[in-house]
Structure formats: C-alpha cells, structure tokens
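The values are calculated or read from the model by the stated rules, or taken from the named source; none is laboratory data. Source: prediction; values computed, not measured. Reconstructed Cβ throughout: ideal geometry from the backbone, glycine too, with neighbour counts over all protein chains shown.
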Amino acid sequence: MGEPTFGVLGPLQVRAHGVPVRIGGAKPRAVLATLLLQPNGFVSLDLLTEVLWPGGAPRSAVANVRTYVRTLRLRLPPTAVDGLRTEPSGYSLGVEPGEVDMLLFEQHLASARAARDRGEDAAALRAYEMALGLWRGGVLQDVPSSVVWDPAITRMEGLRSIAVDECLELRLRLGDYAHLVSGLRSRLTESPLREDLWRMLVHALNGAGRSAEARSAYAEAERVIAAELGIEPSEPLRTIGAEVNGYPGRRRAATPVSVCQLPMDIIDFTGRAVEVADLEELLSTAGRQPVVAAVSGPPGVGKSTLAVHVAHRVRDVFPDGQLFVDLAGTSECPREPADVLAEMLRGLGVIDSAIPGEPGERAAMFRSRLAQRRFLIVLDDALDSAQVSPLLPGTGGSAVLVSSRRRMPGLPARACPLGLMRHDDARALFGAIVGSDRLRREGDDADRVLAECGSLPLAVRIAAARLVNRPGWSVGTLADSLRDERGRLGAVRFGELEVRAGAELSYRHLPEPAATAFRTFGDLPDDAVPGWLVAVATGCDSGTAGGLDTLLDEHLVEVVGRDRLGLNRYRMHDLLRCYARELVLTDNQEIRLRRRLRVIDALTALARSANAAMPTRFLGVLGEPDERGLPDGPAHEVVLMVRARPVDWFESEHRNLVAAVDAAVRLGRTDRAADLAIELAGFFDMRGYYGDWLRTHRLVLDAMPHHDDVRAASLLRNLGQLHLYQDRYPDALASFDRARALFAELGHPTGEAIAAVGSGSVHRIVGDLGAALGTFTAALKDFAAYGDRHGEAVARNAIASVWLERKDPEAADGWLRGALELSRADGDRHREAQVRRRVAMLHELRGEPQAARGELERALGIFDELADLHCAAYVQQSIAELCLRQGDAGEASALLTGALAVQQQLGDRRAEARVAGLLGELHDATGRKQTARHYFNRSLATWRRLGLPDEAGLVDAKLRSMR
C-alpha cells in the first residue's frame, strides 16, 4: 500500500500518486486541516470562521471561506476533489480509511489489539509498528494551532501514547529487549515519573543480561521519584528492584498501605442478596476498561448503605485502593466536580500545589493517575450525570459505584434501580436490630411496624432504634405510635412518609437540649461539622453542644470520623436534615438569625486567628485577630489548636467556611460575608482553590450595594491576584487599579501599596518595565511611611526584579540586600526565600553560576522546610535553567522534564510554555530534531493561547530555522 493521500500526523501533507502536492496559503491549509480532523463529517461555516479568525471574523468571512475552498479544489488530487462536498452552511470531505493517515493509524491499531487479544503477538507487533510508523511528528505541527482542534488533537495524541505503551508491553512479553530499552528510555525522557515505564526498563535490562545497567536504572528511578514526588517507588517497582539487586525475598521498605476511604460497613446489613451479587459480579469485571454501576432509587431505600457494603466486599479486587466521596446531590449546594476532583487527586497522592486550577486539567490528571491502576471509586448521593461524568476514569482497571436518587441515562453505566425491600428482608433487618427472640414473640406486631414503614430500610432502622432505646415499649406500642404519626402528617411523598413519621416520633421524645441541637442541624451547612460549631449554634458555653450525645444515642446523628485537628465530625442523614429544616422554620425568626450569625462570626474570628499563624504571609488586607472579638465558649476553646495547625483547620472547615459566606449573603449581611471571604483568600492562594476564591469574592461583590469601603477594595485586590495567576492580565490590572484608587480615597496607605504591587507585577509581566518601576517605588514609599516591614521587603524585591529584567545587576543589588535584611529581621522565611531567588538571578548576570546555584539551593531548602511545594517547584525550574545555560545538558534535561510535568499540573501556562521552549532548545542543540520540534510546537501553541504574540514569534522563528 502506498502512502495515504492526506497526512495530519505530523506536518500537513497531501500526496498524489506518491508525489507531494503543495497547498499554498495559511488559510486554505487551515480549512483543509479542519476538514481532515473531521473526515466524512459535516464542518459548519461557523466552525471554519472560528478557526480562521479566532479574534473576530471580518464581514467578508463567508465569502473568504468559499474562496479558500475553491483554492483547495484547484490544488487537491482529482479523487480528493470528488469527496469535497458543499452542503448547506458548511462542507464535508469524504475519504476512505486508507486515504488519511489518522484513520489508517486507528485501523492498524485496532488490528494490533485484536491480534494481541488472540495471542498472536508477532502479528500484533507488526501491526503496532505499522500504526506508529505513520507518525511524522506532532499532529498538524506546521499549521498554526486552533482551540477548535484541541479535542481531536488531544484524542489522537492520547491514542498514540497508549499505542506506544501497548507496543512496549508487547515487546517485553516477546523478550525483544534491544528495541525495548531504547524505546523505554525515549519514553522516560517525556514522562520521567511513570513507574510502569521504569519497571519495564529495569526488567528489560535485566532480561538482556545487562544487570549492572538494570541496577543503575532502578537507582535512577528511586532518585527521580523521591526528588519529584517525595515518596518511595510503588510495590511493583520495588519488587523488580529487589530482584536485580539480589534480595528477591526481602523488601527494601514497608509496603505502603493502599488508600481506603470507605465508611464503616453496616454490621447488621440484611437482604439485597440479588443486588449485592449483581454489583459484585459487575465491578469485578473491570480490566482493560473501567466499569461504572449506578444505583438509583427513592429516599431511604438504602442506596448508600448498599454501595458501601458492596464496596467493602470487593475491596480485594482493587488493590490500589478505594476512594469515597459524598457528592451532596440532595443538599442545597451540591459539590462542584472540580472540587471533588481535587479531593480525589489528594487521595491518589497528588500534592495540593500540583493540582491544576482548571476543571478540565484536573479531570485529565485524574484519568492519567488511574490509567495504570485498579481503584474502586464510590460516588455517593450524586445529583446528575453532569456532576458525575468528569469524575470517571477513562482507561484502566478501575470501577465506579454511583448512588443517586435520579436515574442517569447519560452515564456510560449499568443501571441498578433499587426499590423497597422484600418483606422477608425487612423483617430480618428489624429482627437484627431488636433481637430475633423479640421478633418471634411479637411477630404480628412486627409486621404491623413493617407495614407502617412500607418496608423502607431507613424507616425500619429508625423505628427499630426507637424501640431498642425504649425498653419499656412493646413492638405493638411502636406500631400504634407509627400509625398515629401517619395520620397527623397528611399526604406527602411515599418515599419520605415513614421516615418523617419515625423522625417525628424520635424528636417528640427528645429532652430540650437534644431537641434544640436537632433543630440546629437544619441551619448548619450540609457538610459534616465539628461539635464546637454545633455548640456555637445552640448557644452553649462548652465545646460540645448539650444534647449532642443524646442525638448520637438515638441514631439521629452519626460520627463520620475525625478532622485534621483530631476533633469528631458529626453529620445528620439528609432525610433527617430535611425534617430538621422544617422544624427550624417554626423557631422565632430573631432567635434563628442570632444562631446563624453566631456561626458566621465564630468561623470568621477563627479564620483571623488561623491567618495570624499561617506559615506564609499573604499580601492582602486581612482583619486583625482580636481576642476580645472572639466569642466566649466553644470557639474560644479551640483557638489554640487552630493557631497550632492553621492550614489543617482551614482544610477541615473548607466547605463550611465557603457555605458560611453564602449564608451571610443570603441573610443580607454582606459586611460579614466580605469579612469571611477576605480571610479565606490567603488559604485559597496557598492551596490553589481558585474556583472557591472566584466564587466567594464575586458573590460578595455582586451583593454589595456600593463598592466604597475597605472591604470592597480588599476583595477587588484579591480578585486581581487571582486574575494574575490565571494569566488574565487586563482583568488583573483593572482590579488592582480599582482597588488602589479606592484605598487612596479611603486614606488606607497600606492597602493602596498592596494593590500597587499587584499593578506593578502586571506591568512587569507584560513588558512595561517603566510603569512597573514607578508603581513599585510608590508602593515602597507607602509601606515605609506606615512602618510595614513586610511590605517594604516585598516592594524592594519587586523593584529589584525590574532591574534584573533590564539586565542591570548593580542597580538591583542594593534593593535585594535591603529586602533580604528586612525579611530576615522580620523572621519572614518565606519572603527570604523569594528574595534569594532574585539574588540568584543577580549572581548569574554577574557571571557567578556557583553563587547563583547556592542561593537557589538555600531558597529550595526554605520552601521545603515550610512545605510550600508550589514555590519549591519554581525554584527547581530555575536550577534547571541554570544548568542548561551552563552546558550541563544531562541534569538540565532531567530537571526540565520534571519541571514541565509539575508546571502543567500547577496550571501555570506561562511557565509551561517557557519550559517547553527550553526543552526544545536543549534537544535542538543535542541533535534530537524531532523531539525539539515537539517541544517547540507545544511552547508555541501555549504562547498563542495566552495571547502573547512576541513570545510566540520567537518560538516560531526557531521552528522555521530548523526546516
């Protein structure tokens, strides 16, 4: 078979009878590329217009597109012209699979997999080689990129990556070690943290009789993984390492415990034998592809209980671990997929600072982390398929078990509808709780109870628990009480009827402190809460709300674990919470308002105390901690723990704090909402919770009747910082400048200076160094006049950055020395490390690389000590760049490759573009032209997406010089 007519797996290529056909003009080539990425599919004029004019189309756009299509008809081979069809409002290009390298690649890949599955390894290897041989570089690498193409390009690059991995695994099975070693080393250059690749490399080297190299490769794997992730290799890699190092029967380190986040199984789980067996069988089939099961049903039928029970039964099938997330789908604030992805990535061992900010990037990282592992993921109380879809793995042997009140036909899942229990099962459940002897003695009355409960599992449990806690009652007394409650409640939904009746029955017998605590849960956030917060809400003086223990004894709340401070967390079942909300509406409105404000004020006061003890200084305007302003009682009792572990406290109360901002806005108390949102900004900054940062600040600003006070100015400054992180420079500058002007009007020099530093940073990044210097200098004067030593250090460091950008180390020297002295005198280790990064730049400009390296190592040590992995990653990047400029290509390559992975995870696109460009230069200098083009194209595409034409032009020029 000759070469395909069309090629997109590399530079855009058109051939006729084996002879290249030149398609001139950037716009016609872009049209052809778009049609080829959707072969045999309809491409609308609107889509083509977006590709050709991403910044806005001219009036003549449609006519121009038609002109470009006519140009293609003149240039394309006759057989291809026949397939180029004009349709209403668009075009399509009809092709056969063998005419486009992309389709031919997928065809060969399918053949390879089929042969592999049949056990025909030699034939499979030939097919894999034919498929991968079609690739000539990155997809459409010589055509200016378009965001419209990103999904198709990402899909093809992903298929290629998977095909390479599958081919490597096949070579390992065939013992083709010579080709395998070179392929693995090439792959590890791009992905140095992939343990499966290291394991195959060590195996291949050992199998080829190159035992010394195998030991060296394992040692390198240990070093890279420890340096980049701070952990030891996983068990499979350690096992092969033990083999090559001569101690196969002894582990070098303790086996890490797999992640298990499952709640405790129900000891007296009863019934559902068919459903349990079906789910076990389905989940256990996860292998080359993940499986998803969705359990749905009305409230109280036991969806969550069944999911947890089945998850415990199949734990051994998923040795890498089990993740559990409550999606809060039935609450007032269902969880955002982006926040859930961040939580699950932490469960998979991803450091906080390495979690991307963009939801799509978080989902991609999550799928990547699961691709080579077997995890069971339980997603409880899902809202709908839109909430669940981003949380599903894409490949690998993991399984997902979803529970929801709704059916979700949009999910690629096996539906498992759950109805009421069979009478025998409900009877057995009741007996398991109250005792089998009692069930036998009072069987008829037990049947009356079950009839009143409608065989609804939650209702049966509540009724049985009531009976156990009332030893003087007979089963008949319970049945009569339930019948009376049904008559009083009136017509409500069947699925909730008996549960509400049981809940009211339980509530009627509570002593007043417990009844108050029960109602209070109707006003608290839907997430699990600490006991001290319940106590604050109820107005108790002690750290535990009066009556909370009674609620535990009555099974009306449950302890769901301990938080990071070691405090118990309490949660009320969703249906009981609904009843608590009904009750709380009957409370006096003034009493209820005071209760809700006590919660908001306590959280705000503790957030201020936490901020005062944070390991890093947030450059913002925060409230001052005031012991007199801290409420007496429960909140005061935990303040010492909060100050000892501020980050852990913020993490534990994260969702409750965000919910409190929302509650304050809904109560019309925007001043309180603003105070709390401002206190959260530093924590959001440290952890990269950009979604919550934007949501809380926008919510409060939109609710404010006027933007004319310090609170509004602080919110605007914080938003500017967020925009700056996310490369939205015009928005950042507008927010900083508005904040600065407002602070000036209010006579707040420190706030004005802080906002000025933000404006100056934007000016410096976009290249307006004169404006940056003037702004930083004005900020320094305000900081000095107010006696803010931390601010002075920040401003001096910022001024030095401008002189360093101008390549004037002597001008920067004095500013840096002053910033370093102020930071050290103030005990601000974090700022000291930031200054040392700039001192390293100064030494390099002076031609003192060893001194520069020393300063970077000192900065790295401080960031490591403070556990600021985010800033540590940037220092490592700086060390890599220094090595590159000093000609140490080996160390630079390893460091830059690792840095690229980290920056991609962090979502820092500027850093990603810069590192990719540096890798392109490194590989170009060492003669690896194809790899260099790959990195240059990646850098070019990222600069263009950032809208930075000057940087993009420099990379484009380097690419052109290589042709």
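A quick yes/no check of all residues on (1) modelled with pLDDT under 85; (2) within 23 Å of the chain's Cα centre (by Cα):
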| position | (1), (2) |
| --- | --- |
| Leu900 | yes, yes |
| Gly907 | yes, yes |
| Ala913 | no, yes |
| Thr926 | yes, no |
| Lys929 | yes, no |
| Arg945 | yes, yes |
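Restricting attention to the stretch 777-820 and to residues that are acidic (Asp, Glu) and either within 38 Å of the chain's Cα centre (by Cα) or not in a helix (DSSP H, G or I) (or both), the residue that is farthest from Arg837 (Cα to Cα) turns out to be Asp788. Of everything listed in (1) buried (at least 23 other Cβ atoms within 10 Å of the Cβ); (2) closer than 30 Å to Gly349 by Cα; (3) at pLDDT 90 or above, the single unmet condition for Phe863 is (3).
All of (1) in a loop (DSSP other than H, G, I, E, B); (2) closer than 25 Å to Gln289 by Cα hold for Ala152 with one exception: (1). Within the bounds of the stretch 130-141, is there any residue that is at pLDDT 85 or above, surrounded by fewer than 20 Cβ atoms within 10 Å (Cβ to Cβ) and under 27 Å from Arg210 (Cα atoms)? Checking the stretch 130-141: not a single residue is at pLDDT 85 or above, surrounded by fewer than 20 Cβ atoms within 10 Å (Cβ to Cβ) and under 27 Å from Arg210 (Cα atoms).
Kindly check whether there is at least one residue in the stretch 95-117 that is in contact with a Leu (Cβ under 9 Å, 6 or more places away or on another chain), of a type in the set (A, V, I, L, M, F, W, C) and loosely packed, with under 14 Cβ neighbours inside 10 Å.
No - not one qualifying residue is present in the stretch 95-117.
Yes or no: Ala873 buried (at least 17 other Cβ atoms within 10 Å of the Cβ), in a helix (DSSP H, G or I), assigned by TED's automatic domain parsing to the domain that holds Arg914 and at pLDDT below 90? So Ala873 passes the test. Kindly indicate whether any position in the stretch 314-335 is within 29 Å of Arg728 (Cα to Cα) and either among the charged types (D, E, K, R) or crowded, with 21+ Cβ neighbours inside 10 Å (or both). Yes, there is a match, as at least one residue in the stretch 314-335 is within 29 Å of Arg728 (Cα to Cα) and either among the charged types (D, E, K, R) or crowded, with 21+ Cβ neighbours inside 10 Å (or both). Pick from the stretch 936-957 the residues that are touching a Phe, Trp or Tyr at 6+ places or on another chain (Cβ under 6 Å) and not β-branched (Val, Ile, Thr): which of them is surrounded by the most Cβ atoms within 10 Å (Cβ to Cβ)? Checked the stretch 936-957; the qualifying residue surrounded by the most Cβ atoms within 10 Å (Cβ to Cβ) is Ala952.
Scanning the stretch 288-305 for residues that are at pLDDT 90 or above and either farther than 22 Å from Thr395 by Cβ or acidic (Asp, Glu) (or both) yields a single hit, Val295. Asp648 meets all of the listed conditions (1) farther than 22 Å from Glu865 by Cα; (2) surrounded by fewer than 19 Cβ atoms within 10 Å (Cβ to Cβ); (3) touching a residue at least 60 places away in the same chain (Cβ under 8 Å) but one, namely (1).
Of Asp384, Asp380, Asp437, all but one fail to be within 27 Å of Arg272 (Cα to Cα), surrounded by fewer than 20 Cβ atoms within 10 Å (Cβ to Cβ) and touching a residue at least 12 places away in the same chain (Cβ under 8 Å); the exception is Asp384.
Once the stretch 588-628 is narrowed to residues that are more than 23 Å from Arg717 (Cβ to Cβ) and at pLDDT below 80, the residue that is surrounded by the most Cβ atoms within 10 Å (Cβ to Cβ) is Glu627.
In this structure, does Asp675 turn out to be assigned to a helix (DSSP H, G or I), touching a Gly at 6+ places or on another chain (Cβ under 9 Å) and under 27 Å from Gly791 (Cα atoms)? Judged against the criteria, Asp675 is a match. Among the helices (runs of 4 or more DSSP H) lying completely within the stretch 1-91, list those that include at least 1 residues that are of a type in the set (Lys, Arg). The qualifying helices (runs of 4 or more DSSP H) are 26-37, 61-75. Looking only at the stretch 122-143, residues that are assigned to a loop (DSSP other than H, G, I, E, B) and without any contact (Cβ under 8 Å) to a residue 12 or more places away in the chain come to 1 in all.
Residues being free of Cβ contacts under 8 Å to residues at least 12 places away in the same chain, assigned to a helix (DSSP H, G or I) and of a type outside the set (S, T, N, Q) are represented in the stretch 715-730 by at least one member.
This table checks each residue for (1) assigned by TED's automatic domain parsing to the domain that holds Met365; (2) surrounded by 20 or more Cβ atoms within 10 Å (Cβ to Cβ); (3) without any contact (Cβ under 8 Å) to a residue 60 or more places away in the chain.
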residue	(1), (2), (3)
Ser398	yes, yes, no
Arg406	yes, no, no
Pro412	yes, no, no
Ala428	no, no, no
Ala432	no, no, no
Asp444	no, no, yes
Asp447	no, no, yes
Leu450	no, yes, yes
